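Below is one structure; the comments refer to it alone.
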Amino acid sequence: MKELSLNILDIAENSVRAKAKNIGIIIVEDEATIRMDISDDGCGMTEEFIINVTNPFWTTRKTRNVGLGLPLLKMEAEMTGGYVEIKSQHESENPLNHGTVTTALFYKNHIDTTPLGDIIATIVTLIQCNPKLDFLFRHTMPDKTVSLDTREMREQLGSVPLNNPEVVQWMKEYLGEQYAATI
(Lines give C-alpha, C1' and ligand atoms only; values in the text may rest on other atoms or scores of the structure.)
Protein backbone atom coordinates (compact mmCIF):
# COMPACT_ATOMS: atom_id res chain seq x y z
CA MET A 1 0.00 0.00 0.00
CA LYS A 2 1.14 3.54 -0.58
CA GLU A 3 0.62 4.68 3.03
CA LEU A 4 0.85 2.94 6.40
CA SER A 5 -2.44 4.60 7.33
CA LEU A 6 -4.12 2.45 4.65
CA ASN A 7 -2.59 -0.67 6.24
CA ILE A 8 -4.01 0.50 9.57
CA LEU A 9 -7.42 0.99 7.96
CA ASP A 10 -7.30 -2.54 6.51
CA ILE A 11 -6.32 -4.18 9.80
CA ALA A 12 -8.90 -2.20 11.78
CA GLU A 13 -11.58 -3.23 9.28
CA ASN A 14 -10.53 -6.85 9.95
CA SER A 15 -11.19 -6.10 13.63
CA VAL A 16 -14.64 -4.75 12.77
CA ARG A 17 -15.41 -7.94 10.79
CA ALA A 18 -14.22 -9.96 13.82
CA LYS A 19 -17.01 -8.27 15.81
CA ALA A 20 -14.68 -6.24 18.03
CA LYS A 21 -16.25 -3.70 20.34
CA ASN A 22 -12.93 -2.00 21.25
CA ILE A 23 -10.09 -1.29 18.81
CA GLY A 24 -6.77 0.24 19.80
CA ILE A 25 -4.44 1.88 17.30
CA ILE A 26 -1.14 2.79 18.92
CA ILE A 27 1.76 4.21 16.93
CA VAL A 28 5.10 4.80 18.61
CA GLU A 29 7.64 6.68 16.55
CA ASP A 30 11.21 7.47 17.54
CA GLU A 31 14.20 8.65 15.57
CA ALA A 32 14.80 5.20 14.05
CA THR A 33 11.52 3.28 13.99
CA ILE A 34 7.77 3.35 13.59
CA ARG A 35 5.90 0.70 15.56
CA MET A 36 2.19 0.13 15.05
CA ASP A 37 0.04 -1.96 17.38
CA ILE A 38 -3.55 -2.60 16.34
CA SER A 39 -5.48 -4.49 19.01
CA ASP A 40 -9.06 -5.63 19.35
CA ASP A 41 -11.42 -7.69 21.47
CA GLY A 42 -12.94 -9.47 18.47
CA CYS A 43 -13.41 -13.21 18.02
CA GLY A 44 -9.67 -13.81 17.62
CA MET A 45 -7.84 -16.28 15.40
CA THR A 46 -6.92 -19.91 15.78
CA GLU A 47 -3.29 -21.08 15.50
CA GLU A 48 -3.99 -22.44 12.00
CA PHE A 49 -5.54 -19.14 10.93
CA ILE A 50 -2.51 -17.17 12.21
CA ILE A 51 -0.14 -19.44 10.28
CA ASN A 52 -2.03 -18.84 7.03
CA VAL A 53 -3.10 -15.20 7.41
CA THR A 54 0.10 -13.74 5.92
CA ASN A 55 -0.06 -16.02 2.87
CA PRO A 56 -1.36 -13.87 -0.03
CA PHE A 57 -3.03 -16.87 -1.66
CA TRP A 58 -5.11 -17.75 1.39
CA THR A 59 -8.20 -15.81 2.39
CA THR A 60 -11.56 -16.23 4.08
CA ARG A 61 -13.20 -14.02 1.47
CA LYS A 62 -15.67 -15.58 -0.90
CA THR A 63 -15.32 -12.88 -3.58
CA ARG A 64 -11.69 -13.55 -4.53
CA ASN A 65 -8.92 -16.08 -3.96
CA VAL A 66 -6.33 -13.74 -2.50
CA GLY A 67 -6.08 -11.65 0.64
CA LEU A 68 -3.34 -9.04 0.39
CA GLY A 69 -3.73 -6.79 3.44
CA LEU A 70 -1.55 -8.55 6.02
CA PRO A 71 0.82 -10.10 3.44
CA LEU A 72 1.55 -6.62 2.05
CA LEU A 73 2.07 -5.20 5.52
CA LYS A 74 4.48 -8.02 6.34
CA MET A 75 6.40 -7.50 3.11
CA GLU A 76 6.59 -3.73 3.62
CA ALA A 77 7.88 -4.10 7.19
CA GLU A 78 10.42 -6.80 6.29
CA MET A 79 11.71 -4.72 3.36
CA THR A 80 12.87 -2.14 5.93
CA GLY A 81 14.41 -4.76 8.25
CA GLY A 82 11.34 -4.78 10.46
CA TYR A 83 8.69 -7.39 11.14
CA VAL A 84 5.02 -8.16 11.62
CA GLU A 85 3.84 -10.18 14.60
CA ILE A 86 0.32 -11.41 15.23
CA LYS A 87 -0.85 -12.61 18.63
CA SER A 88 -4.38 -13.83 19.06
CA GLN A 89 -6.70 -15.76 21.34
CA HIS A 90 -9.73 -17.29 19.65
CA GLU A 91 -13.00 -17.05 21.53
CA SER A 92 -13.32 -20.86 21.52
CA GLU A 93 -10.01 -21.10 23.42
CA ASN A 94 -10.66 -18.21 25.77
CA PRO A 95 -14.32 -17.12 25.92
CA LEU A 96 -13.67 -14.24 28.35
CA ASN A 97 -10.40 -12.79 27.04
CA HIS A 98 -10.11 -13.08 23.27
CA GLY A 99 -8.93 -10.84 20.48
CA THR A 100 -5.95 -10.01 18.33
CA VAL A 101 -2.90 -7.76 18.45
CA THR A 102 -1.07 -7.05 15.21
CA THR A 103 2.31 -5.38 15.60
CA ALA A 104 4.40 -3.99 12.76
CA LEU A 105 7.84 -2.43 13.05
CA PHE A 106 9.43 -0.33 10.32
CA TYR A 107 12.92 1.16 10.20
CA LYS A 108 12.54 4.76 9.07
CA ASN A 109 16.01 5.20 7.58
CA HIS A 110 15.42 2.49 4.95
CA ILE A 111 14.67 3.65 1.42
CA ASP A 112 11.66 1.30 1.23
CA THR A 113 9.92 2.70 4.31
CA THR A 114 6.32 3.56 3.46
CA PRO A 115 5.16 6.99 4.70
CA LEU A 116 2.51 7.15 7.42
CA GLY A 117 0.12 9.04 5.16
CA ASP A 118 -3.15 10.68 6.18
CA ILE A 119 -3.64 9.10 9.58
CA ILE A 120 -6.24 11.71 10.56
CA ALA A 121 -8.51 10.69 7.67
CA THR A 122 -8.00 7.02 8.53
CA ILE A 123 -8.94 7.42 12.20
CA VAL A 124 -11.90 9.69 11.50
CA THR A 125 -13.18 7.36 8.75
CA LEU A 126 -12.99 4.34 11.05
CA ILE A 127 -14.96 6.12 13.77
CA GLN A 128 -17.46 7.68 11.37
CA CYS A 129 -18.20 4.34 9.69
CA ASN A 130 -18.35 2.40 12.98
CA PRO A 131 -19.96 4.83 15.44
CA LYS A 132 -21.05 2.15 17.92
CA LEU A 133 -17.50 0.81 18.41
CA ASP A 134 -14.89 2.30 20.70
CA PHE A 135 -11.52 3.36 19.35
CA LEU A 136 -8.41 4.40 21.22
CA PHE A 137 -5.88 6.15 19.00
CA ARG A 138 -2.49 7.30 20.26
CA HIS A 139 0.51 8.39 18.20
CA THR A 140 3.60 9.01 20.30
CA MET A 141 6.47 10.89 18.65
CA PRO A 142 9.71 12.21 20.15
CA ASP A 143 8.24 15.69 20.64
CA LYS A 144 4.50 15.09 21.19
CA THR A 145 1.65 12.64 21.61
CA VAL A 146 -1.58 12.82 19.64
CA SER A 147 -4.57 10.91 21.01
CA LEU A 148 -8.30 10.40 20.71
CA ASP A 149 -10.47 8.08 22.81
CA THR A 150 -14.10 7.60 21.78
CA ARG A 151 -15.03 6.51 25.30
CA GLU A 152 -14.08 9.97 26.56
CA MET A 153 -16.00 11.54 23.68
CA ARG A 154 -19.13 9.54 24.55
CA GLU A 155 -18.99 10.82 28.14
CA GLN A 156 -19.12 14.40 26.84
CA LEU A 157 -21.53 13.85 23.95
CA GLY A 158 -24.20 11.81 25.71
CA SER A 159 -26.66 10.62 23.07
CA VAL A 160 -25.05 12.50 20.15
CA PRO A 161 -23.70 9.84 17.76
CA LEU A 162 -20.03 9.82 16.79
CA ASN A 163 -20.95 10.01 13.11
CA ASN A 164 -22.81 13.29 13.56
CA PRO A 165 -21.31 15.66 10.94
CA GLU A 166 -20.36 18.25 13.57
CA VAL A 167 -18.63 15.58 15.67
CA VAL A 168 -16.77 14.27 12.61
CA GLN A 169 -15.59 17.80 11.80
CA TRP A 170 -14.52 18.33 15.41
CA MET A 171 -12.47 15.10 15.37
CA LYS A 172 -10.63 16.21 12.21
CA GLU A 173 -9.86 19.60 13.73
CA TYR A 174 -8.92 18.18 17.15
CA LEU A 175 -6.45 15.70 15.70
CA GLY A 176 -5.11 18.31 13.26
CA GLU A 177 -4.48 20.78 16.11
CA GLN A 178 -2.62 18.13 18.09
CA TYR A 179 -0.40 17.28 15.13
CA ALA A 180 0.26 20.97 14.44
CA ALA A 181 1.12 21.79 18.07
CA THR A 182 4.77 22.15 18.96
CA ILE A 183 6.24 21.49 22.37
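The values are calculated or read from the model by the stated rules, or taken from the named source; none is laboratory data. From a predicted model like this one, the values you see are computed outputs, not experimental measurements. Here Cβ is always computed from backbone atoms with ideal geometry, including for glycine, and neighbour counts include all displayed protein chains. Heads up: the accessible areas ignore ligands, DNA and RNA and are worked out on the full protein's heavy atoms, side chains in. Shrake-Rupley method; radii C 1.70, N 1.55, O 1.52, S 1.80 Å.
Numerical summary
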quantity	calculated
Set of lysines with alpha-carbon distance to K172 below 20 Å, sequence-local pairs under 8 removed	K132, K144
Fraction in percent of alpha-carbon pairs per bin - 10 Å, the stretch 78-153	14, 32, 39, 15, 1
Value of [θ]222 nm, deg cm²/dmol, for the chain, DSSP H segments ≥ 4, -39500 (n - 2.57) each, nearest 500	-11000 deg cm²/dmol
Label point distance in nm, T125-I51, each placed 7 Å from Cα along Cα→Cβ	3.4 nm
Share of Cα-Cα pairs in the chain lying beyond 22 Å, as whole percent	48 percent
Inter-probe distance in nm under a simple model that places probes 7 Å from Cα toward Cβ, at K144 and K19	4.0 nm
Of all accessible heavy-atom area on the chain, the percent that carbon and sulfur account for (1.4 Å)	53 percent
Probe 1.4 Å, accessible area per residue of the chain, Å²	56 Å²
Separation in nanometres of the label points that stand 7 Å from Cα toward Cβ, at D37 and W170	2.9 nm
Rounded D (µm²/s) - the stretch 70-115, Kirkwood Rh over Cα pairs, Stokes-Einstein at 25 °C, 0.890 mPa s	208 µm²/s
³J(HN,Hα) computed for each position of the stretch 136-150 - Karplus, 6.51 cos²θ - 1.76 cosθ + 1.60, integer Hz, glycine/proline x	10, 10, 8, 10, 9, 10, x, 10, 6, 10, 10, 8, 7, 10, 5
